[in-house]
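Participant: Below are the structure tokens for one structure; questions will follow.
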Amino acid sequence: MKKRITMKEIARLANVSQATVSRVINGNPDVNEELAARVWKVIEEVGYVPNQTAQTLKRNQSKLIGVSVSEMYNPYFVELVDHLEDKARKLGYNIILHNAKHNPILEWENIQNFLTRQIDGCIIVPAGRHNLERIGKLPVPVVSITQTVDALDSVAIDHFKAGKLAAHSFIRSGHTSFAYIGKADDEKYLGFASGLYEHQLPVSAVRVLELEQTSNDHFLVRQGIEKHFREFDAFPFTCVFTENDIIALECIRLVEERGLKVPEDISVIGFDDTLLSKIMGISSIHQPIEEMVTTTLELLINRIEGKLSPDIVSIQLEPTLITRRSSNHRRI
């Protein structure tokens, strides 16, 4: 039977301390590069695999974080998970990823699976409403990212202010008739309507085009928008704010298929500022992924290490609007 290589043996072969080997394996960025390279060289040569079970028992931590994502169609969530995994690894943690697919039963099954893997904490991207009460009673810390949730620690941008930013931008460009595409109970829409109210414009000036599917599938999103657009011989609005960048893209495509121009005839602002919006020149509300991820992991790890009071922490970051060609037109 092949002898199992230990960290102590790695340290001897690399001529470093066992503590240095531990820091290298856990991704500590403060380790000297030359020492880290020496350790990794030995690890590769001997085929060392850390004994995670033994480490968990020794420190009473698994160094695992469960990440439940509501969907993977939205490119923003893909970018966010990529940053989460990278940052967590640098902090000495690994993530287990599950896709809930907007299914509350599947979401709860995912969380139960996390617990069987002895996770130290959990991140919900974003939290579904159906399981909030149960999630709040889990024996491990939980943080909701991208969405403010009363029952959980959360990190998000201020969606209400984001809606106001979009409204103010359209108003400054001379628009007086507006549309919102997405879900009407979203804080983005409430902020958008509030922005109009602040400029003495009636909420009735906003045509709300509510969608059942907002990002699960480009085809379903397109179908939902198209169904609303068929009601109009001529569009009763000159600008559109959308719940996310996927909706913004499909909206632009359908407007142009009607023979109209964006932004000259219809201006469009999306939400998330994903790679999609950058490539397609779509104006969008920027969500600072790196800042959100760093803040979320700091909050979660502080919870894991018992450094915070029991009070729920809600962190709202400031939104910014990135203007691109889809809305850079001023109406006379």
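Here is a yes/no grid of residues against (1) part of a loop (DSSP other than H, G, I, E, B); (2) outside the structural domain of LEU297 (by TED's automatic domain parsing); (3) touching a helix residue (DSSP H, G or I) at 6+ places or on another chain (Cβ under 8 Å):
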{"position": "LEU106", "(1), (2), (3)": "no, no, no"}
{"position": "VAL140", "(1), (2), (3)": "yes, no, yes"}
{"position": "VAL143", "(1), (2), (3)": "no, no, yes"}
{"position": "GLY163", "(1), (2), (3)": "no, yes, yes"}
{"position": "HIS168", "(1), (2), (3)": "no, yes, yes"}
{"position": "ALA193", "(1), (2), (3)": "no, yes, yes"}
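Participant: Let me ask something additional. Using the structure shown, decide if ARG129 is of a type in the set (D, E, K, R), under 23 Å from THR242 (Cα atoms) and assigned by TED's automatic domain parsing to the domain that holds HIS83.
Facilitator: On the way: of a type in the set (D, E, K, R): yes; under 23 Å from THR242 (Cα atoms): yes; assigned by TED's automatic domain parsing to the domain that holds HIS83: yes.
Judged against the criteria, ARG129 is a match.
Participant: Moving on. Here are LEU115, LEU152: which of them is in the same structural domain as GLU298 (by TED's automatic domain parsing) and out of contact with any Ser or Thr (no Cβ under 8 Å at 6 or more places or on another chain)?
Facilitator: Within the list LEU115, LEU152, the selection yields LEU115.
Participant: What's the total number of residues in the stretch 147-166 that are hydroxyl-bearing (Ser, Thr, Tyr) and buried (at least 24 other Cβ atoms within 10 Å of the Cβ)? Even if it seems obvious, please write down each step before you answer.
Facilitator: The initial filter retains those residues of the stretch 147-166 that are hydroxyl-bearing (Ser, Thr, Tyr), namely 148, 154.
Filter once more, keeping what is buried (at least 24 other Cβ atoms within 10 Å of the Cβ): 154.
The total comes to 1.
Participant: List pairs: first residue in the stretch 5-30 and over 18 Å from VAL46 (Cβ atoms) and not assigned by TED's automatic domain parsing to the domain that holds ILE65, second residue buried (at least 18 other Cβ atoms within 10 Å of the Cβ) and not hydroxyl-bearing (Ser, Thr, Tyr) anywhere in the structure, Cβ distance under 6 angstrom, at least six positions apart or on different chains.
Facilitator: Listed pairs, sorted by first residue: ARG23/VAL31.
Participant: For MET292, work out the one condition from (1) touching a Ser or Thr at 6+ places or on another chain (Cβ under 9 Å); (2) without any contact (Cβ under 8 Å) to a residue 12 or more places away in the chain it doesn't fulfil.
Facilitator: (2)
Participant: Quick one: which of SER283, SER314 is of a type in the set (Gly, Ala, Ser) and surrounded by 15 or more Cβ atoms within 10 Å (Cβ to Cβ)? If you could, list the steps in order and put the result at the bottom.
Facilitator: Working: SER314 fails: surrounded by 15 or more Cβ atoms within 10 Å (Cβ to Cβ).
On inspection, the qualifying residue turns out to be SER283.
Participant: While we're looking at this one, here's another question. Report every pair of residues separated by at least 6 positions or lying on different chains whose Cβ atoms are under 8 Å apart, first residue within the stretch 64-75 and outside any strand (DSSP E or B), second basic (Lys, Arg).
Facilitator: Hits for this filter: SER70/LYS101; GLU71/LYS101.
Participant: With respect to the numbered conditions (1) among the aliphatic types (A, V, I, L, M); (2) closer than 19 Å to ASN328 by Cα; (3) in contact with a helix residue (DSSP H, G or I) (Cβ under 6 Å, 6 or more places away or on another chain); (4) modelled with pLDDT of 95 or more, which one is the sole condition not fulfilled by LEU276?
Facilitator: With respect to (1) among the aliphatic types (A, V, I, L, M); (2) closer than 19 Å to ASN328 by Cα; (3) in contact with a helix residue (DSSP H, G or I) (Cβ under 6 Å, 6 or more places away or on another chain); (4) modelled with pLDDT of 95 or more, LEU276 is out only on (4).
Participant: Among the residues of the stretch 178-215 satisfying the criterion of being within 26 Å of THR146 (Cα to Cα) and of a type in the set (S, T, N, Q), which is modelled with the highest pLDDT?
Facilitator: Selected residue: SER194.
Participant: Output the residue which, of all residues in the stretch 264-280 that are part of a helix (DSSP H, G or I) and not basic (Lys, Arg), is surrounded by the most Cβ atoms within 10 Å (Cβ to Cβ).
Facilitator: Start the filter on the stretch 264-280 by keeping residues that are part of a helix (DSSP H, G or I), which leaves 275-280.
Subsequent filtering for residues that are not basic (Lys, Arg) retains 275-277, 279-280.
Values: LEU275: 13, LEU276: 20, SER277: 27, ILE279: 9, MET280: 18.
If we take residues in the stretch 264-280 being part of a helix (DSSP H, G or I) and not basic (Lys, Arg), then SER277 is surrounded by the most Cβ atoms within 10 Å (Cβ to Cβ).
Participant: Test LEU299 against the stated conditions and say whether it is assigned by TED's automatic domain parsing to the domain that holds THR176, in a helix (DSSP H, G or I) and hydrophobic (A, V, I, L, M, F, W, C). Spell out how you get there, then give the answer.
Facilitator: Working: assigned by TED's automatic domain parsing to the domain that holds THR176: no; in a helix (DSSP H, G or I): yes; hydrophobic (A, V, I, L, M, F, W, C): yes.
Taking the combined requirement at face value, the residue does not satisfy it.
Participant: To continue, here is another question. It is to be established whether one or more residues within the stretch 242-263 are modelled with pLDDT of 95 or more, part of a strand (DSSP E or B) and within 20 Å of ALA179 (Cβ to Cβ).
Facilitator: yes
The values are calculated or read from the model by the stated rules, or taken from the named source; none is laboratory data. If you're wondering where the values come from, they're calculated on a predicted model, not measured in any experiment. For neighbour counting, all protein chains shown are included, and Cβ atoms are generated from backbone atoms with ideal geometry for every residue, glycine included.
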